[in-house]
Amino acid sequence: MSNDDLKFALTIAEAMVMEIDRSARTREALVKVAEDVHGIVRLMRPSVTAEDITRALEERFNVWTPREVWVLDPDKHDEWLDKRQSDIEWRYWDRYRNWLSHRKSWKPATVEALSESTNTVLSLLEDPQRPGSWLTRGLTYGQVQSGKTANYTGLVCKAVDAGYDVVIVLTGAHESLRHQTQARLDLEFLGFDTRFMRERTAGSNYIGVGNLDMTEPPLCMSMTTQNRDFNSNTLESTPVDPRRVRLLAVVKKNARILENLRDWLRSHGTDQPDGKKVINGLSLLVIDDEADYASVDTKKPRKGRTASDPEHDPTAINRCIREILAAFEKRAYVAYTATPFANIFISNETDHPAHGDDLFPRSFIVALNPPSNYCGPETVFGLDDRTADEVREPLPVIRLVEDESRWLPDDHTKDHEPTGPLPRSLVDAIDTFVLSTATRKARTAEYGAAPGHNTMLVHVTRYRTTQVAVARQITSHLREMDNLWGDHGTTGQQLRARLQILWEADQVPTYDKLRAREDLSGLVGEPVDFEQVLAQIPGVLEECVQGVKTINGLASDVLEYESSTPATVIAVGGDKLSRGLTLEGLTVSYYLRASRTYDTLMQMGRWFGYRTGYLDTTRLYTTGALVNAFVHVTRANRELMDLVSFLSETNKRPADVGLRVLDGYEKLQVTAAAKMRNSTVISLSSAGQRPETLFMRTGRNDVAENYARLERLVEDIRDYEDLEHARRYGSTGFFRTGVPARVVTEFLDGFSASGRNLQASPVLLKQYIEQQVAQGELTSWTVAVTAGASAHQRVSVGGETFRQVTRTPLVNNLSEGSDFPVGVLVSPGHEAIGLSPEVYDQAKAATKVDFRVNGRGGKEPVRPSGQQLRRHRDAREGLLLIYPVDGTNVEYGDGLPQVERAGTDGTTQRLPLVGYALSLPTSETALSIKYRVNEIYLKELQGLIADATDESEES
């Protein structure tokens, strides 16, 4: 079989697969496509088999990217993209898409996912042709090193194609990051090297997408270059009229730079009645990269004042961004970050008379989910969190450092210079980097693997003088290794033996473990033996000696990955390495620097990202305390992502959305204190609460599995004590008491519950029960399967047949797979099941006392409130209420084998939707989980408390 023949068949097959919805691209679907294509090409390309096509398709489509989720404020937004999409010439985007597919070798599914996510963000902006004045402020966030730059590069391409006139990309505060971002946009958006803009007409400086044989898009000029930000000289010597040509500016977040840009833009505006100058007619797109860094107004208003007060002067960078936006009639601002904690704490009510609204993402929030081949915090550290949907084992690449304190004490000063030899852990890390780089080079030589850059990160201190000293020590150590390698005496033999021992003790077993994992397909490279690696080490050592670079504000070193020759770099630094700067081909990280905030800590995780074909060569050397901190921050980040997904499903808008972030771990806090002044810490606990499934799943498999789970529960508790007195209170159904906690947690474990049930998550509740059982609480349970008043549907439980429970859904036209939402699940009085008459009377009396003490009018309550019932329930006892809900108003397609069953009386009964509620007693031992919440969440919580009070009064 020739490669050309397979490429021909694969071109047809890929086009057919792309027509299939991403969620339906199963292996069976790929096999079907391969067979169909084989039938088409077998006469023209007889050497190609259906199996060849199938294997090629599986390799091309083995990366899956979940859809992005978003919340939107539709009131001031006009939907436009669907109407204009077919009329727009996507020339910048087509170049970029082809560049990713053919030059960067992105998988088709990954390019498709990028196209969809950038379409989503673009559609949430306003149409640049929309007349009048408008302002869009949005937030797009994803994981660290997961491809946000690729996303906003695609957005810039599409926005300019759609008609946006001016694009400003705000980078971090360091010139190195601005340079790297400009170089990236030169390569993948502009198509020419801005360092040689004056010679552009000669065609000698076309790069990247500019070299593709495609129709050239309309000219977009860059007001900045790789070597020059928008400085005062640019301000005076830029005659370009933004009305005549599209413009790009890549600027760092420096107040003076932004003021220069603001003044230049204003010089092209027209006078307004209020004395300001505004550019009318043209549309502006501002991309704020690392938007939680420097952009947030951290200046505290005067006592008793707000950020809307006319005398409040925001921080310089925040003010400049708002003034740049105000220089245009039509403008859009999109914040990009991996750590949006500071952004969600911006006040949504700021309306300054001079500077306008603050940068709270009032228009939309988009959460980007990374593709399956992304190695993020969950993959590297594992999900050390039983509240997550799945639990992964951490990658076996973490090496704990415990010998650094003498070499570099935690409390060292800014002038500290490490003395004595390098700690053994750092020596091992350097040896590992040498072996890892040699391994990758051996694979290139043996298998033709694509050569790539190789980088080691050494991040041990924030002090620049100390960084220089560390780099000097590492260079000296490497030079000694290089000199010894050719020595055939004792010292040379010891060095070679040291590397071979490390290879056999670490590299080989780690490779075998990773190769055996099914979830890392394509990330682990081909095997090589030590002799192949040995042959590459002399060249690697020579490169390493020359490749040690100090990356900080005092050093002249820069990271250059633009050469076609793969670079070998050992980067020693601090802040410059922790904010947006990409370390190409990062394999080994030696990281000791603690951080006080979630966002800084997570941003320092440069080892997250994509390691296709060389994940087995990666290592992280760090401390146990830092591993624990990363696991905690990972959990906080996951909860925030899940919360946005839930809010998206419930059609919330950013201005209505209360966001919460899991609060600090030991000395860690969510973000800098100045960025959190509009937030509040609250504690949440399941103790004394009544979590209930107010959203029930209606999918066929969900209904059948949950009902089977109910049947197993009933069978497990059949022989426990029957609770006769529950019937005396007028309740009907199946009741058992004295049930051990184990039975309840087994029922919850794996229950198919909607993600909207945040408080009633079966995983969270199972965890809570197990924690309390360890304290001697919630050891004995009453389980009540309640009967209802359904006119037609019945349920058989414990040998008896009952009517199903009726609950009116909050929405109409429910179809299979949608959630069945109800306002309340628990019937009045059901929380009393399992309590003795004496305890019931005590709770009733306490309810009346509450009523009188609070001085409320109206009728005195006739039954105890749920709150008092939970307060009077013994801490050792819990109540599980199960509601078999009549779901006949859910519309299913033809044939209902999984949701219908023949009854004992010969009739056909619809299986119920199984919902549950737990009535949990108060507890003095239960641990509260602390969350930091924004203003909106606090208002929502206050509203919920008021609603609960009203409900108690009605009881």
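The values are calculated or read from the model by the stated rules, or taken from the named source; none is laboratory data. This one's a predicted model, so the numbers in the text were calculated from it and none came from an experiment. Because the Cβ atoms are built from the backbone with ideal geometry, glycine has one as well, and the counts that use them run over all protein chains shown.
Of all residues in the stretch 33-63 being surrounded by fewer than 16 Cβ atoms within 10 Å (Cβ to Cβ) and closer than 22 Å to Glu112 by Cβ, which is farthest from the chain's Cα centre (by Cα)? The extreme case among them is Asp36.
To keep it simple, each residue is scored yes or no on (1) more than 22 Å from Pro691 (Cβ to Cβ); (2) out of contact with any strand residue (DSSP E or B) (no Cβ under 6 Å at 6 or more places or on another chain); (3) in the same structural domain as Glu900 (by TED's automatic domain parsing).
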position	(1), (2), (3)
Ser790	yes, no, yes
Gly798	yes, no, yes
Phe802	yes, no, yes
Arg807	no, no, yes
Glu816	yes, yes, yes
Pro821	no, no, yes
Val826	no, no, yes
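Residue under question is Arg440, and the condition is that it be touching a helix residue (DSSP H, G or I) at 6+ places or on another chain (Cβ under 8 Å), surrounded by 20 or more Cβ atoms within 10 Å (Cβ to Cβ) and assigned to a helix (DSSP H, G or I); does it hold? Considered against the rule, which asks whether it is touching a helix residue (DSSP H, G or I) at 6+ places or on another chain (Cβ under 8 Å), surrounded by 20 or more Cβ atoms within 10 Å (Cβ to Cβ) and assigned to a helix (DSSP H, G or I), Arg440 comes out as yes.
Yes/no matrix, rows are residues, columns are (1) outside the structural domain of His416 (by TED's automatic domain parsing); (2) closer than 17 Å to Arg424 by Cα; (3) part of a helix (DSSP H, G or I); (4) under 36 Å from the mean Cα position of the chain (by Cα):
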| residue | (1), (2), (3), (4) |
| --- | --- |
| Leu457 | no, yes, no, yes |
| Thr475 | no, yes, yes, no |
| Glu480 | no, yes, yes, no |
| Gly492 | no, no, yes, no |
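The set of residues from the stretch 619-628 being under 19 Å from Gln143 (Cα atoms) and either surrounded by fewer than 22 Cβ atoms within 10 Å (Cβ to Cβ) or under 14 Å from the mean Cα position of the chain (by Cα) (or both) comprises Leu626, Val627, Asn628.
With respect to (1) surrounded by fewer than 24 Cβ atoms within 10 Å (Cβ to Cβ); (2) part of a helix (DSSP H, G or I), the lone exception for Pro128 is condition (2).
Scanning the stretch 862-890 for residues that are aliphatic (A, V, I, L, M) and part of a loop (DSSP other than H, G, I, E, B) returns Val862, Ala875, Val890.
Scanning the stretch 306-344 for residues that are touching a Lys or Arg at 6+ places or on another chain (Cβ under 8 Å) and part of a loop (DSSP other than H, G, I, E, B) yields Asp309, Glu311, His312, Asp313, Pro314, Thr315, Ala327, Ala338.
Would you pick out the residues in the stretch 859-888 that are buried (at least 19 other Cβ atoms within 10 Å of the Cβ) and of a type in the set (S, T, N, Q)? Listed by number, the residues that qualify are Ser865, Gln867, Gln868. Comparison of Thr779, Thr745, Thr786 shows that the only residue that is of a type in the set (S, T, N, Q), under 26 Å from Asp874 (Cβ atoms), in the same structural domain as Arg700 (by TED's automatic domain parsing) and without any contact (Cβ under 8 Å) to a residue 60 or more places away in the chain is Thr745. In the stretch 417-441, the residues that are more than 18 Å from Leu586 (Cα to Cα) and at pLDDT 95 or above form no Cβ pair under 8 Å with any partner that is in a helix (DSSP H, G or I) and among the hydroxyl-bearing types (Ser, Thr, Tyr), whether six or more places apart or across chains. Annotation note: Cβ proximity below 6 Å between a residue of the stretch 605-622 that is assigned by TED's automatic domain parsing to the domain that holds Gly522 and among the acidic types (Asp, Glu) and a residue that is at pLDDT 95 or above and surrounded by fewer than 23 Cβ atoms within 10 Å (Cβ to Cβ) (sequence gap 6+ or interchain) occurs for Asp616/Tyr511.
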